[in-house]
Amino acid sequence: MKQKKPWGGRFTKQTAALVESFTESISFDWRLCQHDIEGSIAHANMLAKCKLITEKEKDAIIKGLKEILAEILTGKFEFKESLEDVHMNIESALIERIGEAGKKLHTARSRNDQVALDLRLWTREQARTVKSLLTVLQKELVKKGKAFFGLIMPGFTHLQHAQPVLVSHYLLAYVEMLERDKARLQDCCARLNKSPLGACALAGTTLPTDPAFTAKLLGFEGICENSMDAVSDRDFCVEYAFCLSMIAMHLSRLAEEWIIWCNDEMKFIEISDAYCTGSSIMPQKKNPDVLELIRGKCGRVFGHLTALLTLLKGLPLSYNRDMQEDKIAIFDAADTVQTSLSVLAELVANTNFNGEQMMHACEKGFIDATALAEYLVKKGVPFRMAHEIVGKIVRECIRVQCKLTDLRLESFQAFSSAIEKDVYKALGVENCIKNYKSYGSTAPGFVKKRITYWEKKLNKG
Ligand code: ARG
């Protein structure tokens, strides 16, 4: 038997099968079920408070909704494509279950404000999950930073050896990025935390309702001020997709780096076998596929952000069915980032840094050259001149194939009389690290403090 449509009153023909499957959203929006029911319970409470339904009807509605939710969660509920979406599936099941009272639930409500509400609730909760996953990853990075404190690696700019840094300092750079990601999510949630319920289809209602009451029940900080905006606003989806894109981009940068670092040339890191995969033809291979997929999935997340912006750019106010597509984008973006965060946290925990290889790499590329220029500055040489002098010294080292520390004092002095015996205290990777002074630098004392700071902060929340 064909399902009767809740909106079927003015129709004389059955919906074409192809139209049903083309317009349905239940295959993906069933995920909103918990929030849909949470919203409906709040709505029923408000209707009773405003005497639009009786206490008895309210109780029947709430009991029915709770039973439906239990059935959904235990996999017993049958979602029907012919009932389009999660909202109509649940409402129809409620009516089937409790009869007349169920027919009153949609009083002073439209699917337009209902879906806007569900999405806000979903995003608010999802953002919390992402935030806690970010914290888990941050903790792993800090743990590594602590475990490998003292290891020195070449810091890169342009992917060329630049200046030596502590591995811990490098790791904490990502902790900072992820902290900004959390702040961004927080900010996005603060803005979305207003209830659209009460906007109904687009213009509000003639019935005596109390939207402030539902807003409060659902933990919102206020009500959307304009009913047309309330049902057409998906800015929060775009913002959330942007927050997720930024996270994905950060993860991808780390992935890219570590893919390079675990190759045979560099061998800066060793990822546990449990987090790598092999080749079906080359028996010797151990590949960083997890990192490559984290990098690759990033494109998918950016794609969803672009899809959402494109989806909205031509939409007149207020609700348009196009908006149904928002969920596909936002769900997949969230799923993708969540799995990437989870797997990366484990991978970080199961990766070791190869101090010897890193130190060996530090021997190459004159990474103490800047320290030598600053040594000259301390001796009174203007920086631009110091830069020029050290450039020439480096050129000489390349010619005779030696490191800066290999040069004899007389050779140094042939380039600048300002250079004295104490120059050797400025040169060499370890001295460089020891001599850093500025706030936020890789100075060991500063990095150590920062590790303690993060340990405390991350264990709090
Ligand atoms: N499934 C729809 C969506 O996801 C729900 C809202 C439908 N509203 C409507 N007037 N057809 O956007």
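The values are calculated or read from the model by the stated rules, or taken from the named source; none is laboratory data. What you see is a predicted model, and the numbers here were worked out from it, not measured in a lab. Counting neighbours? That spans all protein chains shown, and the Cβs are built from the backbone with ideal geometry, glycine included. Remember, those area values only see protein heavy atoms, side chains included, never the ligands or the DNA or RNA. Shrake-Rupley method; radii C 1.70, N 1.55, O 1.52, S 1.80 Å.
Quick look at the values:
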{"read-out": "Answer from I62, I95 - the residue that is away from the ligand (no atom under 16 Å from the Cβ), closer than 26 Å to I223 by Cα, surrounded by fewer than 21 Cβ atoms within 10 Å (Cβ to Cβ) and of a type in the set (V, I, T)", "value": "I62"}
{"read-out": "E356 vs. criteria away from the ligand (no atom under 16 Å from the Cβ) and at pLDDT 95 or above", "value": "yes"}
{"read-out": "Residues of segment 148-181 satisfying the condition of being over 30 Å from A127 (Cα atoms) and among the small types (G, A, S)", "value": "G150, G155, A162"}
{"read-out": "Criterion (out of contact with any Lys or Arg (no Cβ under 6 Å at 6 or more places or on another chain) and under 30 Å from E176 (Cβ atoms)) met by exactly one of K421, K403, K457", "value": "K457"}
{"read-out": "In segment 174-206, the residues that are touching a helix residue (DSSP H, G or I) at 6+ places or on another chain (Cβ under 9 Å), aliphatic (A, V, I, L, M) and open to solvent by 30 Å² or more (accessible area, probe 1.4 Å)", "value": "A201, L202, A203"}
{"read-out": "Those residues of segment 213-253 which are closer than 19 Å to M46 by Cα and open to solvent by 50 Å² or more (accessible area, probe 1.4 Å), in sequence order", "value": "F213, K216, L217, E221, I223, E225"}
{"read-out": "Subset of segment 306-351 [in contact with a Ser or Thr (Cβ under 8 Å, 6 or more places away or on another chain), open to solvent by 10 Å² or more (accessible area, probe 1.4 Å) and either away from the ligand (no atom under 16 Å from the Cβ) or part of a helix (DSSP H, G or I) (or both)]", "value": "R321, Q324, Q338, N350"}
{"read-out": "Within segment 147-171, tally of residues that are open to solvent by 10 Å² or more (accessible area, probe 1.4 Å) and either closer than 26 Å to S245 by Cβ or in a helix (DSSP H, G or I) (or both)", "value": "7"}
{"read-out": "Filter pass, V447 being touching a residue at least 40 places away in the same chain (Cβ under 8 Å), part of a helix (DSSP H, G or I) and under 17 Å from L172 (Cβ atoms)", "value": "yes"}
{"read-out": "Hits in segment 242-295 (condition: part of a helix (DSSP H, G or I) and over 20 Å from the mean Cα position of the chain (by Cα))", "value": "I259, I260, W261, D273, A274, Y275, D289"}
{"read-out": "Members of segment 254-295 that are surrounded by fewer than 16 Cβ atoms within 10 Å (Cβ to Cβ) and basic (K, R)", "value": "K267, K285, K286"}
